[in-house]
Structure formats: C-alpha cells, structure tokens
Amino acid sequence: GSGFIIDPQGYILTAHHVVNEAKEIEIRLANRQRLRGEIVATDPQVDFAIIKINGEREFPVLPLADSDVLRVGELVGSLGYPFGLESSLHMGIVSRRGRRQNTLAAFDHIQVDSPANSGESGGPLVNMKGHVVGMLTQASENRTIGFAVPINVIKAMIPRLLSGETIVWGWLGVKLSELTLELA
C-alpha cells in the first residue's frame, strides 16, 4: 500500500484496508529509509488510518488542500507504489463527484480517470499545486478508474480520532418494498 506524511512529527495517512490486521508495519520513505510504524487511529467506514513513525528529525509533509473547491475536469495526480515497485505518478482528471461507495459513511468519493493499481491504495490525490485533495481507496474492476476519499472528510475526523474518540456511524433501519395485493 501507499501513504503520505501529513505532520512533521511523523504522522502518516493511509487506507484502513492497507493496515487492517497487520501484525507489523514497516514504512519505506522516498529516500529508501525503513522505519517501523504504529497504528494510532483508524476508521474502517471512511477507510483511512493514521500511522506514527519515529525519527530523529522532522519529516517533509504534503500540504492538505480544500477538497470542496475541486471541480469536474480539473487535472490531478495520483501518487503511489503500484505492485510494490518504485513510486509512480499518474495524471488524470476529476471525472465525477458524487459516487457514494459506502452507504454508511455520508460522503461522496472523488472519481478520477487515472489508473489505480494494486499498491496505490492510501496514496494521495493531489492538485496541480501538489496539495492533497483526496486519498485513493478504491479502483474499478478493470483498474482504469480510481476513487478517492475527499481530504476534507479526513481532516474533519483526524482531531477526533487522535483525541481517542470512537466515531459511531449511524444508520436508519428502514427497508422499502413493493406493496403487493397479497401483502396488503
């Protein structure tokens, strides 16, 4: 999987499904340095996790943008480590806003027309300024379309999760069905 540093003290954002059930987490930085990571907080509904690495220095970060101003047709880049190889950058456009992948989490994913290969989950989706507008979490079956959680959704949850709060997602227990003559 992929991830990106969001705080100079070594906090990394990645997808929950990348680290779910992991016994050990090893982070490989762009300079090939390997560090042990520890899960600090996670939310499986939104599919993101915060990992902490320790180091003797401050780490470079990717700035977080405002994903609400992202527009259909805007050029974006997705960064990741496809198939565990060296880092890659894919360019694409925001092709749709409003695809709800998870009915329990009340937000819409960003759909991009750039490929989303195995190992790129948890990687950043960046605008042309290099600022993060989303985090890749899913791909279409043929891997030609990627879906990203808007970064504003994650930014709103980070302080709550880091304070130890468990986020409970509500649901409405209603089932709709056609009323037939037999049921009537």
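The values are calculated or read from the model by the stated rules, or taken from the named source; none is laboratory data. Not measured: the values here are computed from a predicted model. Note that each Cβ is placed from the backbone with ideal geometry, even for glycine, and that neighbours are counted across all protein chains shown. What goes into the accessible areas is simple: the full protein's heavy atoms, side chains included, and nothing from ligands, DNA or RNA. Shrake-Rupley method; radii C 1.70, N 1.55, O 1.52, S 1.80 Å.
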Residues being assigned to a loop (DSSP other than H, G, I, E, B) and surrounded by 15 or more Cβ atoms within 10 Å (Cβ to Cβ) - total across region 46-68: 6
Of these, R36, R32, which one is open to solvent by 50 Å² or more (accessible area, probe 1.4 Å) and assigned to a loop (DSSP other than H, G, I, E, B)? R32
Are there any pairs with C-beta distances below 6 angstrom linking a residue in region 22-51 that is within 15 Å of G122 (Cα to Cα) to a residue that is part of a loop (DSSP other than H, G, I, E, B), with the two at least 6 apart or on different chains, and if so which? D43/I167; Q45/L104; Q45/A105; Q45/W169; V46/A105; D47/A15
Does region 3-19 hold any residues that are part of a loop (DSSP other than H, G, I, E, B) and over 16 Å from T42 (Cβ atoms), and which are they? P8, Q9, G10
Being touching a residue at least 60 places away in the same chain (Cβ under 8 Å), open to solvent by less than 10 Å² (accessible area, probe 1.4 Å) and in contact with a strand residue (DSSP E or B) (Cβ under 8 Å, 6 or more places away or on another chain), is that true of even one residue in region 84-98? no
Taking only pairs six or more apart or across chains, which ones have beta-carbon atoms under 8 Å, a first residue in region 158-184 that is free of Cβ contacts under 8 Å to residues at least 24 places away in the same chain, and a second residue that is open to solvent by less than 70 Å² (accessible area, probe 1.4 Å) and in a loop (DSSP other than H, G, I, E, B)? R160/I167
